[in-house]
Amino acid sequence: MAALSLLLWTQGRVRAESMESAPSPKLSWLWLGTQWLPSPEVALGSEGSMVGLRWQITPLLYTFGLDPRVARWRSFIVEPLARHAGSIELYAAPELFLGSDGAFLLRPGMRVYLPLVEHGEALSASLGISYQRIRESDAAALELGLYFLFGILGVQVSHTPAQRNPAQTILTFSLRYF
Amino acid sequence: MLLLLLLTSLPACVLTTILRRNVVALLSKPRRVQRLEHVERPGAAIALLWVGHATMLVQIEDRFILTDPVFTETVGGAFSRRLVETGIAVENLPALDLALVSHMHFDHLSLGSLDRLESRLPQLLLPQGGLVYMPRYHFAVDEVKTWQSVERRGLRITAVPVRHEGFRYGADAAWMTTSATGWMLQYRGKTVYFAGDTAYDRKAFLATAARFPQIDVAILPIAPVEPPNFARPSHLDGREALQAFLDLRAKHMVPMHFDTFAHGIDPKGYATRKLREAMQEMGIDEERVHILPIGGQFVLPEAARGEGPQAQLSSPLGSAGAAREGSSRFSSGPAAASVRRTSFPSSPSTPLR
């Protein structure tokens, strides 16, 4: 938590190429509060179906859709346009599957966002790859996503071709603000 | 705007009303307007065509400037659909010299609209800090700090202070404090003020008037009016707009930012009714305040400019349509007629409320 706090505090420094006058993102209670909002999901796999919750953080993102004079790098706090106008994101997603056979999954991955309508603010898509480990089962997963309303709402489907995986296909209703 | 509404602790009934109005708008077609066949006014000193909301096509002699260009059918991530179609189609716009964006809210900075304008727009000016909200475009994009000026083809554009928020998504309010501005447009001795969106800020308006003592036309927002606790901290109602108009010592006022989107709970015609009531109470001559319908045009002929509030309004609906829209004086002829003379107050204003 201390490391996360330090990263949050210093994240503006990643914007090394930033324009002289460009204001840098700052940590705010609103942003912090919304990061706790989970995305509901359903996993289908070798043990049947499980309902779960997913959180997401972005340690690092490179945006390529903004005006070239604007800083390309973001860390943790990412404006919707910087993400959905076109970017490559390194992310980490803690996931909690509920029920008596509940499980915890930490998914690190990388995702590319591509704008589809109004530079991604109205509609964008993502393509990603991630590593998942759940109940001693390791796998690589492919992921597709579609996002609306500045990325606040979205649908993600991740699938791993590995056999006997308890979370082979995961459908996530993405709720994400910043 | 939706986020803004959600993030401001609005009473549930107000939020419900706004959401309901937007859902109804999403399911309905925007009301059609009859558009002018010719929007260019040769020989006019100044002509303003209201495209809708804060979008004005400003002609100063042979120069054309668009303010807060919004031509999409929806704003705010396709959530809020326009109630009335635009007063001019993008393909019928004259050759533009500039576009100006006052701030980053979705009803003022529309990326989809800029996409449509991309091939016909040479330059876009933004307030300080606005560049982080801009994708890559082929036209030039420049930030302008408050009181800083930019010159292009004889046009001089100055960023002037207003009181409004500059953020776009909500959480960015924590750091995006500078990206809201008004604009002053000057060309060959003519001056047009565009407020964008602003609350009443007497100090800012008087400071602007001190630097620009000869404002021909002030374009001022008059809505949302209700609910006051939501609207007043960042918006002008009719009375406040009139006070700003007096503070600015402008010769004419053209109201905007009403009856285009369902961004408040004001019913259609409410903002202009409040404006007219305030005009009567404040004793402001109808010859100075020109309420346009969307697609209507205010024309200030060169001959009328120096003598006071002589102007004419053009409506594609003619005088009948103008009457329906509630304007006091309309004609559909060329920009030559003048109305009557009145004198201007020598002092800036009377105190507000």
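Note on segment A:97-111: among residues that are buried (at least 16 other Cβ atoms within 10 Å of the Cβ) and not charged (D, E, K, R), the one that is nearest to the other protein chains (Cβ to nearest Cβ) is A:Gly109. Quick check on B:Ala173: is it within 14 Å of another protein chain (Cβ to nearest Cβ) and surrounded by fewer than 24 Cβ atoms within 10 Å (Cβ to Cβ)? The answer is yes for B:Ala173.
Restricting attention to segment B:227-237, the residues that are assigned to a loop (DSSP other than H, G, I, E, B) and either farther than 21 Å from B:Met282 by Cβ or among the acidic types (Asp, Glu) (or both) add up to 4. Total residues in segment B:140-170 satisfying the condition of being more than 11 Å from every other protein chain (Cβ to nearest Cβ), among the hydrophobic types (A, V, I, L, M, F, W, C) and in a loop (DSSP other than H, G, I, E, B): the figure is 2.
Scan segment B:193-211 residue by residue and report those that are over 28 Å from B:Asp266 (Cα atoms) and touching a residue at least 40 places away in the same chain (Cβ under 8 Å). Scanning segment B:193-211 gives B:Leu206, B:Ala207, B:Thr208, B:Ala209, B:Arg211. Just for segment A:46-75: of the residues that are among the small types (Gly, Ala, Ser) and within 15 Å of A:Pro25 (Cα to Cα), which one is surrounded by the fewest Cβ atoms within 10 Å (Cβ to Cβ)? In this case the residue turns out to be A:Ala71. Scan segment A:124-151 for residues that are touching a strand residue (DSSP E or B) at 6+ places or on another chain (Cβ under 7 Å), over 17 Å from A:Ala167 (Cα atoms) and modelled with pLDDT under 95 and jot them down. Correct list: A:Phe148, A:Gly151.
Residue-wise test of (1) among the hydroxyl-bearing types (Ser, Thr, Tyr); (2) within 18 Å of B:Met256 (Cβ to Cβ); (3) touching a residue at least 24 places away in the same chain (Cβ under 8 Å).
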| residue | (1), (2), (3) |
| --- | --- |
| B:Gly76 | no, no, yes |
| B:Arg81 | no, no, yes |
| B:Val84 | no, yes, yes |
| B:Ile88 | no, yes, yes |
| B:Ala95 | no, no, yes |
| B:Ser102 | yes, yes, yes |
| B:Asp107 | no, yes, yes |
| B:Leu111 | no, no, yes |
| B:Leu114 | no, no, yes |
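For segment A:6-34, filtering for residues that are of a type in the set (S, T, N, Q) and either under 16 Å from A:Ala92 (Cβ atoms) or at pLDDT 65 or above (or both) leaves 4. Checked across segment B:229-247, the condition of being in contact with a Lys or Arg (Cβ under 7 Å, 6 or more places away or on another chain), farther than 26 Å from B:Leu83 by Cα and surrounded by 17 or more Cβ atoms within 10 Å (Cβ to Cβ) holds for at least one residue. Here B:Ser113 clears all of (1) within 14 Å of chain A (Cβ to nearest Cβ); (2) modelled with pLDDT of 95 or more; (3) in a loop (DSSP other than H, G, I, E, B) except the condition numbered (3).
Sub-7 Å Cβ pairs linking a first residue in segment B:28-50 that is among the small types (Gly, Ala, Ser) to a second residue that is in a loop (DSSP other than H, G, I, E, B), at least 6 apart or interchain, are B:Gly43/B:Ala335; B:Ala44/B:Ala335; B:Ala45/B:Glu61; B:Ala47/B:Arg41; B:Ala47/B:Ala335, ordered by first then second residue. Among the strands (runs of 3 or more DSSP E) confined to segment A:35-89, the ones with at least 2 residues that are modelled with pLDDT under 95, more than 18 Å from A:Ala125 (Cα to Cα) and over 18 Å from the mean Cα position of the chain (by Cα) are located at A:39-45, A:48-54. Can we say B:Pro122 is on the phi < 0 side of the Ramachandran plot, more than 14 Å from chain A (Cβ to nearest Cβ) and without any contact (Cβ under 8 Å) to a residue 40 or more places away in the chain? For B:Pro122, the condition - on the phi < 0 side of the Ramachandran plot, more than 14 Å from chain A (Cβ to nearest Cβ) and without any contact (Cβ under 8 Å) to a residue 40 or more places away in the chain - is met.
Checking B:Ile294, B:Ile265 one by one, the residue that is over 24 Å from B:Ala44 (Cβ atoms), assigned to a loop (DSSP other than H, G, I, E, B) and among the aliphatic types (A, V, I, L, M) is B:Ile265 and no other.
Restricting the search to strands (runs of 3 or more DSSP E) fully inside segment B:25-92 and requiring at least 3 residues that are within 19 Å of B:Phe261 (Cβ to Cβ) gives B:44-52, B:55-60.
Scanning segment B:190-226 for residues that are among the hydroxyl-bearing types (Ser, Thr, Tyr), out of contact with any Gly (no Cβ under 8 Å at 6 or more places or on another chain) and either part of a loop (DSSP other than H, G, I, E, B) or within 21 Å of B:Arg276 (Cβ to Cβ) (or both) returns a single hit, B:Tyr200.
The values are calculated or read from the model by the stated rules, or taken from the named source; none is laboratory data. Everything numeric here is computed off the predicted structure, so don't read it as measured data. Reconstructed Cβ throughout: ideal geometry from the backbone, glycine too, with neighbour counts over all protein chains shown.
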